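Engineer: Attaching a single structure in structure tokens format; questions to follow.
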Amino acid sequence: MTTHVSDAERFDVATLTLNPSLDLSTSVDSIEPWRKLRCETAQLDPGGGGINVARVVQTLGGRSLSVAALGGHVGSEVAAALRRQGVPLRRVRTSHGTRQNFAVTERSTGRQFRFIQGGDPMTPAEWRRCLEVTATAARAARCVVASGSLPLGVPDDFTVQLAERIAPLQVPLIVDTSGPALLASIHAPIALVKPSVNELQSLVDRVLHDMEDYERAARELLAAGRCGAVVVSLGKDGALVVPRDREATVVRAPEVPVRSTIGAGDSMVGAIALMLSRRATLIDAVRFGVAAGTAAVTRFGTALCRADDVTVLAAQVTTQVRRQPLSIGALGSQGHDD
């Protein structure tokens, strides 16, 4: 039996973060070994893929709900930070503490150094609880995002299990992860996955050189699975959108000064999810996503995109339909290297 959810109880986007973090960022004039380095005042932000996506949705005027596995005093700090930012949270308590990440920008060169902790293992009871809470949250959402790495102890097919649970709700699910979990997601009823070029290369186990290679690899994955689309993040160049059984489109990002790459991918996913929750076309959603990702790199430290920047940049994003789309059926054995 389907439970009725009123509009007042609904969220545009519900997100899941299995491996959240407390992100600290600062800057120094230059980074040198053996010396004490005097840092600027540190900025602390709640982090992890899904949490960042939820923050972006709120920033862009949407309503989000964050499901996150949080433990220890650091987990409580993340929860408190989300409350201060007005992001609704469904906390799944874990027996281990939440990880902390650290980023330092060298002002003399503009280089950024990022130190990422892996996170402690989750127990079966903990990740199953996350699955249950997210499946329940999906009933009140117009789009669901599972984003970020999977901690040790979580099965590679976790997002497949999530997709099967929420499929009857007909709510689009976006997955942004990596490694075996990303490969497993291709075989689930998921609206789209968002690999980077490096992640796409890992999925097909070969080096990819150009746009035709990217499209060919994406279509191989689509042919082998049930995912609806692959959106390949091209970094400063934008994204390649490869839907199942339709032509691919290159979405070009405008040129901007890059101050930090932290949160750019999450900003992109958050904007895409918000637009899909509002029934936008996939291309229009990715256009907005590319604008948000571009806006994020213009900001320092762990800051995400700002709504006014996204509005300005969205008008500068361009699209180009690929003239010779590759057919899944026509790939044959050409798409595989020996």
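Each reported figure results from applying straightforward, stated rules to the coordinates on display, with no laboratory input. Predicted model, so just to flag it, every value in this text is computed and none were measured. Here the Cβ positions follow ideal geometry from the backbone for every residue, glycine too, while neighbour counts run over all protein chains shown.
Engineer: If you project the alpha carbons of the stretch 85-221 onto their three principal axes, what span does each projection cover, largest first, in Å?
Structural biologist: For the stretch 85-221, the Cα extents along the three principal axes come out at 42, 40, 30 Å.
Engineer: Rank-order 213-219, 272-278 by packing density, defined as the average count of other C-beta atoms within 10 Å over each peptide's residues, highest first.
Structural biologist: On the way: 213-219: 23.0, 272-278: 26.7.
Per-residue mean Cβ counts within 10 Å order the peptides as 272-278, 213-219.
Engineer: Can you list the HN-Hα couplings for the stretch 86-101, worked out from phi with the Karplus curve (6.51, -1.76, 1.60; θ = phi - 60°), rounded to whole Hz and with x for Gly and Pro?
Structural biologist: Each residue's phi maps through the Karplus curve to give x, 9, x, 10, 10, 8, 9, 6, 10, 6, 9, x, 6, 6, 10, 10 Hz.
Engineer: Sticking with this one: If the chain between residue 255 and residue 224 were fully stretched, how many nm would it gain, using 0.36 nm times the residue separation less the Cα-Cα distance?
Structural biologist: Length difference between fully extended and current span is 7.6 nm.
Engineer: Would you mind checking which residues have amide H under 5 Å from residue 319's amide H? H placed 1.01 Å from N; only 5 or more apart, or other chain.
Structural biologist: So residue 319 has HN proximity to 252.
Engineer: What is the distance, in nm, between label points placed 7 Å from the Cα along the Cα-to-Cβ direction at residue 198 and at residue 322?
Structural biologist: A separation of 2.3 nm, rounded to one decimal place.
Engineer: Taking Cα pairs under 8 Å and at least six residues apart, what relative contact order does the chain come out at, in percent?
Structural biologist: 16 percent
Engineer: Would you grab the residues whose amide H sits under 5 Å from the one on residue 238? Only those 5+ places off in sequence or on another chain, please, with H modelled 1.01 Å from N.
Structural biologist: 253
Engineer: Just the projected area, averaged over all directions, of the convex hull on the alpha carbon atoms of the chain: how many nm²?
Structural biologist: About 18.4 nm², averaged over all directions.
Engineer: For the chain, build the charge dipole from Cβ charges (+1 Lys, Arg; -1 Asp, Glu) around the Cα centre, then report which of 195, 229, 135 sits farthest towards its positive end.
Structural biologist: So the residue furthest toward the plus end is 135.
Engineer: Mind ordering 62-72, 83-93, 136-146 by average Cβ neighbours within 10 Å, highest first?
Structural biologist: Ranking the peptides 62-72, 83-93, 136-146 by packing returns 62-72, 136-146, 83-93.
Engineer: At 222 nm, what value in deg cm²/dmol follows for the chain if DSSP H runs of at least 4 each add -39500 (n - 2.57) and the sum is divided by all its residues, to the nearest 500?
Structural biologist: Calculated at 222 nm, the ellipticity per residue is -10500 deg cm²/dmol.
Engineer: For residue 245 and residue 170 in one chain, what is 0.36 nm times their gap in residues minus the Cα-Cα distance, to one decimal in nm? Kindly include the intermediate steps, with their values, before the conclusion.
Structural biologist: Working: separation 75, 0.36 × 75 = 27.00 nm, distance 1.99 nm.
Here the answer is 25.0 nm.
Engineer: Show the residues, 5+ positions off or on another chain, whose built amide H is closer than 5 Å to the amide H of residue 145.
Structural biologist: Excluding prolines and chain starts, which carry no amide H, the hits are 14, 15, 16, 174.
Engineer: How high is the FRET efficiency between residue 128 and residue 178 when r is their beta carbon distance and R₀ equals 30 Å, given to the nearest 0.05?
Structural biologist: After rounding, the FRET efficiency stands at 0.85.
Engineer: Now for a separate question. For a label point 7 angstrom out from the Cα of residue 41 toward its Cβ, which stretches of the stretch 256-283 have the backbone nitrogen within less than 11 Å?
Structural biologist: none
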